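A.B. asks: I'd like to ask some things about the structure below.
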Amino acid sequence: MIKIPLNKNTIGTAEKRALNKVFDSGYMTMGKVTKKFEAAFSKHLGVKHAIYVNSGSSANLLAFSAIQDNDKFRKFKSRNDFLKPNDEIIVPAVTWSTSIWPISQTGAKSVFVDSEPDTLQMNVNSIKKAISKKTKAICMVHVLGNGGYIEEVRDICDKKKIWLIEDTCESLGVKKKNKYLGTFGDIGTYSFYFSHHITTVEGGMIVTNNDYLANKIYSLRSHGWTRDMFNAKEYEKQFPEIDPRFLFVNVGYNLRSTDMNASIGLVQLKKLEKFNNKRHEIGKTWNKAFSHLKKNELIQPMEITKGTKASWFGFPVICKTRKMRDDLREHLEKNGIETRPIICGNMTKQPGIKNIKYRISGNLSGADIIMDRGIFWGSSPDMTKSEINYVIRIIKKFFNE
């Protein structure tokens, strides 16, 4: 029996050498290597600012905090209103938990809209119906290596003058009509957790082309400190009586990562395109192999949205019935193929939801289907041809082929 984990370790000799170099330097906290990684990431995506943090979840927390109305010294004039307590942010029902929890930490309310069972992405019509006078932002989550309807949502945000945040933690390097996901919005977030498209073991990145938001995020990332802000001198002039080395102008957190993690990221970033191309090819191979199962309406592999070159973050399918999904899961696990639910399923059915302010817009029938009948297994870029074919053989065996 072949073992197919969700992901394989992609850290090689080059990453270990880079990590040892940081150890040998004696400087291991956030410093020059982090700045190099931020610059390389910014250049790769074609964005003005990339800010490295300790996780994708932290990147989401900073994204929502950056649009919060908590800056007493703001000179920046925004066409969009900043977020106040009890304002609303539209989110997909199918998402990861830390796309949601940071919203409650700002005092705002999550408004859940439906997701499509075929693409797994937010339904645009549901978004339009969910907008109210209290809506201050839409959080677009690009699920499992696919791309949401980002151009349509960007248009909605422009017309309504509301913020667009792209949670791209599961779709790093994926392009929509030759533009990277995460760069359409006011803010984009990414994760470098071990099982993601590239890894820094733990880590995340937040990107923006907005100077004001970037500057605020630098401060929020580090205690509300001015140290990393590129306009720190302005604050120093306002408060000459305070030692500029320890000047704090906002609330803040400690969400910094380290040069050790960043050194791994610098090497991994060079491999991203190769990794994603392999994931894309694996997805194409399995789609072709299971096309007759789709035709017979037994399973529905994730449908890629128009104009997207997907980088399959695993291979998600929707089964015809819940029992079929449960039986398939048992069959795959028994044969060494690790599986997972499609992230949190319908987030409004998770018990933790009772701890936050939220409302549901419309029905969430699509999210229910995804939760009840969805499953995915791994598509690591290091998969061998025999492993890819093994998955095909085991799936076909389940359907008596």
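The values are calculated or read from the model by the stated rules, or taken from the named source; none is laboratory data. Keep in mind that what you see is a predicted model, and the values were worked out from it rather than measured. Methodologically, a virtual Cβ is constructed for each residue, glycine included, from the backbone with ideal geometry; neighbour enumeration extends over all protein chains shown.
A.B. asks: Looking at (1) touching a residue at least 24 places away in the same chain (Cβ under 8 Å); (2) touching a strand residue (DSSP E or B) at 6+ places or on another chain (Cβ under 9 Å); (3) buried (at least 20 other Cβ atoms within 10 Å of the Cβ), which one does Y253 not meet, given that it meets all the others?
C.D. replies: With respect to (1) touching a residue at least 24 places away in the same chain (Cβ under 8 Å); (2) touching a strand residue (DSSP E or B) at 6+ places or on another chain (Cβ under 9 Å); (3) buried (at least 20 other Cβ atoms within 10 Å of the Cβ), Y253 is out only on (3).
A.B. asks: Separate question: Looking at the stretch 334-365, which of its residues are of a type in the set (V, I, T) and under 27 Å from I4 (Cα atoms)?
C.D. replies: At the first step, the residues of the stretch 334-365 found to be of a type in the set (V, I, T) are 337, 339, 342-343, 348, 353, 356, 360.
Passing the criteria: I337, T339, I342, I343.
A.B. asks: Okay, moving on. E281 - would you say it is surrounded by fewer than 17 Cβ atoms within 10 Å (Cβ to Cβ) and in the same structural domain as S65 (by TED's automatic domain parsing)?
C.D. replies: No; evaluated as a whole, the condition is false for this residue.
A.B. asks: Cβ-Cβ distance below 6 Å, separation of 6 or more or different chains: which pairs start in the stretch 86-98 with a residue that is farther than 13 Å from K349 by Cα and end on one that is basic (K, R)?
C.D. replies: Partner pairs satisfying both residue conditions: D87/K134; D87/K136; E88/K109; E88/K134.
A.B. asks: While we're looking at this one, here's another question. What do you reckon, is V113 buried (at least 17 other Cβ atoms within 10 Å of the Cβ) and in contact with a Cys (Cβ under 6 Å, 6 or more places away or on another chain)?
C.D. replies: Values: buried (at least 17 other Cβ atoms within 10 Å of the Cβ): yes; in contact with a Cys (Cβ under 6 Å, 6 or more places away or on another chain): no.
It is false that V113 is buried (at least 17 other Cβ atoms within 10 Å of the Cβ) and in contact with a Cys (Cβ under 6 Å, 6 or more places away or on another chain).
A.B. asks: Here is a further query. Only one of (1) surrounded by fewer than 24 Cβ atoms within 10 Å (Cβ to Cβ); (2) closer than 28 Å to I369 by Cβ; (3) at pLDDT 95 or above fails for C139. Which number is that?
C.D. replies: Going through the list (1) surrounded by fewer than 24 Cβ atoms within 10 Å (Cβ to Cβ); (2) closer than 28 Å to I369 by Cβ; (3) at pLDDT 95 or above, C139 breaks only (1).
Conditions tested, residue by residue: (1) within 30 Å of E234 (Cα to Cα); (2) in contact with a strand residue (DSSP E or B) (Cβ under 7 Å, 6 or more places away or on another chain); (3) among the small types (G, A, S).
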site	(1), (2), (3)
D71	yes, no, no
S110	no, yes, yes
E116	no, no, no
V143	no, yes, no
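A.B. asks: For the stretch 261-286, which positions are under 14 Å from V317 (Cα atoms) and in contact with a helix residue (DSSP H, G or I) (Cβ under 8 Å, 6 or more places away or on another chain)?
C.D. replies: Selection gives W286 alone.
A.B. asks: Please determine, by comparing only the residues of the stretch 193-210 that are in contact with a Leu (Cβ under 8 Å, 6 or more places away or on another chain) and part of a loop (DSSP other than H, G, I, E, B), which one is surrounded by the most Cβ atoms within 10 Å (Cβ to Cβ).
C.D. replies: Within the stretch 193-210, the match that is surrounded by the most Cβ atoms within 10 Å (Cβ to Cβ) is H197.
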